[in-house]
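Heads up: the structure comes next, in structure tokens.
Values quoted throughout were computed directly from the atomic coordinates according to the rules given, and no laboratory measurement underlies them. In this text the structure is predicted, and so the values were computed from the model without any measurement. All Cβ positions, glycine included, derive from the backbone under ideal geometry; neighbour counts span all protein chains shown.
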Amino acid sequence: MPTPITLLSTLISRLGIRLPLPLLLLSMCVSLTAQAQQPGRTGPEIVRTSCYMCHSAHGNNPDLAFIPRLAAQNPVYIKEQLEAFRDGSRADPPATIYMWPIAQTLSAQQIDQVAAWFASQPPPTPFPPGPSASEGKEIFLHGILKADVPACASCHGPKAAGNGIFPRLAGQNAQYLLAQLRYFRSGVRNDKNADIMKQVAIHLTDAQMSAVADYLSSL
Ligand code: HEC
Ligand code: HEC
């Protein structure tokens, strides 16, 4: 099911209004900020009022490829990322525009609650495999010996389900995955555990990053 943001942007483009999507999202994000601040709001309520329009209530958003799916993501990882948006250490452009304002409004307890909500949702529906998925599978399972790239599976698990600080990657949007690999490589994503990924990403070419993203989104 399309998220409200997609419906709204489709409507706007049908009406011929040329409002850049990032600006539209930003304005909505800022107006949502006030809602999440209300004390006493629990995880599911916050998700229904503040997160669902981008991530969908069950974290299985099929569209808007730069917005990550959160369904079945590890609670420890979700929590650390929300803290990284709050303290500004995850500083890639989409993070600063979309997630910094909203993360500021969440209390530590609310972070635990939204993490538990998304973690308990069924895994996201896989996408059809992208064009270089078979090359990506090779890299994921075995790494690239001559380029010093370890097998991704050694940390993210054989089915990319993740564990603890290692995020689930299975069924994630390919475009989002590719963008994050580039942010690790450039160092703009610099949160607590980002250096572990930087040491991997600096050895990958853009084509290898795309290949592994093509594979992971189909799991
Ligand atoms: C206006 C759209 C928007 C809203 C509303 C929104 N998000 Fe996000 N969220 C994003 C985008 C875009 C990213 C990707 C940021 C990046 O590329 O670094 C993201 C990333 C995340 C991540 C990191 C996921 C990962 O795999 O690293 C978490 C966790 C998250 N959001 C949780 C939430 C929660 C909880 C809420 C509600 C309180 C929320 N988001 C509301 C757009 C949104
Ligand atoms: C040594 C362990 C390790 C290996 C090997 C590893 N990763 Fe990671 N990966 C991590 C950690 C830890 C994080 C979380 C970083 C953070 O919190 O910012 C992560 C995060 C990621 C993310 C961000 C996910 C999101 O939702 O934003 C992507 C994409 C990713 N890894 C892809 C890969 C790929 C592709 C490979 C193989 C080429 C790989 N990783 C190999 C440890 C590893």
With N residues in region 66-219, Rg(alpha-carbon) / (2.2 N^0.38 Å) equals 1.00
Quick calc, region 133-216, dipole around Cα centre from Cβ unit charges on Lys, Arg (+) and Asp, Glu (-), nearest 20 debye, gives 180
The lysines whose Cα lies under 21 Å from the Cα of residue 79, excluding any fewer than 8 residues away in the same chain, are 192, 198
Expressed in nanometres to one decimal, the distance between label points 7 Å along Cα→Cβ at residue 195 and residue 42 is 4.0
The distance between the Cα centres of region 190-215 and region 57-119, in whole Å, is 20
Taking a straight Cα-to-Cα line shorter than 12 Å from residue 137, and setting aside same-chain aspartates and glutamates fewer than 8 residues away, one finds 214
In order over region 89-102: 3J(HN,Hα) from phi, Karplus 6.51/-1.76/1.60, θ = phi - 60°, whole Hz, x for each Gly or Pro, gives 7, 9, 10, 6, x, x, 5, 5, 6, 9, 9, 4, x, 6
Here the equivalent ellipsoid of region 133-216, derived from its Cα gyration tensor, has semi-axes (largest first, whole Å) of 16, 15, 13
Expressed in nanometres to one decimal, the distance between label points 7 Å along Cα→Cβ at residue 89 and residue 145 is 3.6
With R₀ set to 25 angstrom, the calculated FRET efficiency between the beta-carbons of residue 207 and residue 63, to the nearest 0.05, is 0.50
